[in-house]
1. If I filter the stretch 53-73 down to residues being closer than 14 Å to G94 by Cα and in a loop (DSSP other than H, G, I, E, B), which single residue comes out as least open to solvent (accessible area, probe 1.4 Å)?
2. In the stretch 460-509, which residues are hydroxyl-bearing (S, T, Y) and more than 10 Å from S425 (Cα to Cα)?
3. Which of the residues belonging to the stretch 463-505 are part of a strand (DSSP E or B), under 21 Å from T350 (Cα atoms), touching a Ser or Thr at 6+ places or on another chain (Cβ under 6 Å) and not small (G, A, S)?
4. Of all residues in the stretch 481-499, how many are more than 46 Å from the chain's Cα centre (by Cα) and open to solvent by less than 50 Å² (accessible area, probe 1.4 Å)?
5. So the check is Cβ under 6 Å with 6+ separation or different chains; which pairs have a first residue in the stretch 99-121 that's within 18 Å of K263 (Cβ to Cβ) and a second one that's modelled with pLDDT under 95 and open to solvent by 50 Å² or more (accessible area, probe 1.4 Å)?
6. List every residue pair whose Cβ atoms lie under 7 Å apart, where the two residues are 6 or more positions apart in sequence or sit on different chains, the first residue falls within the stretch 161-173 and is in contact (Cβ under 8 Å) with a residue 40 or more places away in the chain, and the second residue, located anywhere, is open to solvent by 40 Å² or more (accessible area, probe 1.4 Å) and among the β-branched types (V, I, T).
7. Pull out all pairs, ordered by first then second residue, where Cβ-Cβ is under 7 Å, the residues are six or more apart or on different chains, the first lies in the stretch 351-370 and is closer than 24 Å to G291 by Cβ and among the acidic types (D, E), and the second is open to solvent by 80 Å² or more (accessible area, probe 1.4 Å) and assigned to a loop (DSSP other than H, G, I, E, B).
Amino acid sequence: MRKNKIFLPMMAISLLFGLGLAACNNSATPSNNTSSSIPAKEKIKVTDGNDKTEGEVEVEATLQLKASVEGGTWASSNTKVATVDDKGLVTAVGAGSANITVAKEGYDKGTFRLTVKRGAPLATLHFEDADHYAADGWWGDGDDGQTPVYAREEGNASDKQCIAHFGNGDKETLTFTSSAAINAELVMTMASSSSGVDLSAQMAIKLNNADVSLAGLTLDGGSSNDFQEISLGKLDIATNNVLEISFTGNSAPYLDDLVFYSKQQATITVVKPAAKEAIELSSDALNVNLGGTAQINVTKPTDKTGITYTSSNTDYATVSETGLVLGGGLGTAYVYVAKEGMLTARVTVTVTDEPVPGEIRVEAENQPDGFDFESLGFHMYPDGSYIAFAHSGGAYITGYDVTEEVSLSYTVTSEKAQTMTLVISAAPHYNMQAGEEFKFATDATIKLNDANVQVNEDAIVLGDGARMGAKTQNVIIGDVNLKQGDNSFVIEFHGKAPALDCFKFLPKA
């Protein structure tokens, strides 16, 4: 009983104390039916003289902006495009876009969206008028896949002309005059089939012996090879100028124009390089047997002092100091004949195996008129378009993107019924990796007069890792029986095909 008497008063005291706390808490805490709110900040409005919040100006123009509040801090999101002072005066620096902002404590930041465009160009020079130098000694003006100057029918080159196919060591020198010394933005229009090309890794530029920075400049290409504007920044132009471009990589862009932008006035004129006399030859093509020789004959100049001979690929052809060519491998190479101060001449050297008496040779490209190589995934290349494949003197075909059953048909004419050995001259296709095999026994079916040919198991084209310029290989297919007169010869490919040069029927040993 005594414990209960003590317990009850204590419970009462606790109850009263708890009610007091609850009352205090309730007085300090809002109920569920009320809410607190923060007043919204006023947004600063930034406008031009026409009360617009966005606008467009030309490079070097100024634009006075105003803010709806005073005492704010002005800033530009891209100072390479536009700068702004503490009173809102904007100066357009370069082409592009920028946000001009005003910030002030207690207010939401205000923004004016500015676009800066270049005005009319002061002058445009074409790189076709530059002095060209190729490290391999040859600088042509054709479109055979090996020479850099040619007319483009695709892309947006200004005059459908551009300079292309630069390699490591090649150079372009564009010389021009200006009627006055000025400061101008120089813009090069260029294109690439690759994306994200780091220009500083592909080329170096000097203007009047001063380095022009290419740091951070990239070129985004694509299948259309559309030309893009790449700004070199504002540079000092003298009355006599030399722009030198040295190529340091093998993924260099195509060059179209050099465009000048400046508010200063001057007349800019290209100085075309002096015409050079060309070396002349008795023939610009030689056929050499494997292990055989042939002489390059220079008809101009008559003084042979200082003439040099250089082979593009010594695996196929080597050349002596006097122009004697030795055939070292089946395929095609170029020999460049050069002399200082003259335009270089070029000789196409095709190295083939010596014809065998009684041999029947059929060129792989000899299909009926109207045969559509492209729709079948094949591509035909004329001699010289890509060197090294065609050693028989004609073109070659390659089927690197054949994706279904495809057949090629030929007629083989024999003077008599005879047993012969079928040899196919072929090379790895464009995408074959080193060590990859194309097996004629499983990847193709060969028929003679509607009967399947027994193919040797070791009839293989072996990839050597060369995407272009792979060596031609003589692959022994096996023995076949030809009848007198015309024979039908068919080769069917099952989803892929090598690069084919020719088919050789050799007398049975």
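1. Only one residue fits best here, namely V59.
2. First, the residues of the stretch 460-509 that are hydroxyl-bearing (S, T, Y): 472, 488.
Scanning the stretch 460-509 gives a single hit, S488.
3. Here is the first cut: in the stretch 463-505, the residues part of a strand (DSSP E or B) are 473-482, 485-494, 499-505.
In the following step, the residues that additionally are under 21 Å from T350 (Cα atoms) were identified as 473-475, 499-505.
Those left that are additionally touching a Ser or Thr at 6+ places or on another chain (Cβ under 6 Å): 474, 499, 501-502.
Within the stretch 463-505, N474, D501, C502 meet the criteria.
4. Of the stretch 481-499, the ones more than 46 Å from the chain's Cα centre (by Cα) are 481-486.
This time we only want the ones that are open to solvent by less than 50 Å² (accessible area, probe 1.4 Å), so: 482, 485.
Residues meeting the conditions: 2.
5. Close Cβ pairs satisfying both conditions: K117/E58; G119/E58.
6. Hits for this filter: N168/T248; T173/V242.
7. From residues that are closer than 24 Å to G291 by Cβ and among the acidic types (D, E), the pairs are D353/L290; E354/L290.
Residue-wise test of (1) under 20 Å from D131 (Cβ atoms); (2) part of a loop (DSSP other than H, G, I, E, B); (3) open to solvent by less than 60 Å² (accessible area, probe 1.4 Å).
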position: N225; (1), (2), (3): no, yes, yes
position: K234; (1), (2), (3): no, no, no
position: L243; (1), (2), (3): yes, no, yes
position: S246; (1), (2), (3): yes, no, yes
position: G249; (1), (2), (3): no, yes, yes
position: V259; (1), (2), (3): yes, no, yes
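The values are calculated or read from the model by the stated rules, or taken from the named source; none is laboratory data. What you see is a predicted model; the values in this text were computed from it and never measured. FYI the Cβ positions are ideal-geometry reconstructions off the backbone, even for glycines, and counts take in every protein chain you see. What goes into the accessible areas is simple: the full protein's heavy atoms, side chains included, and nothing from ligands, DNA or RNA. Shrake-Rupley method; radii C 1.70, N 1.55, O 1.52, S 1.80 Å.
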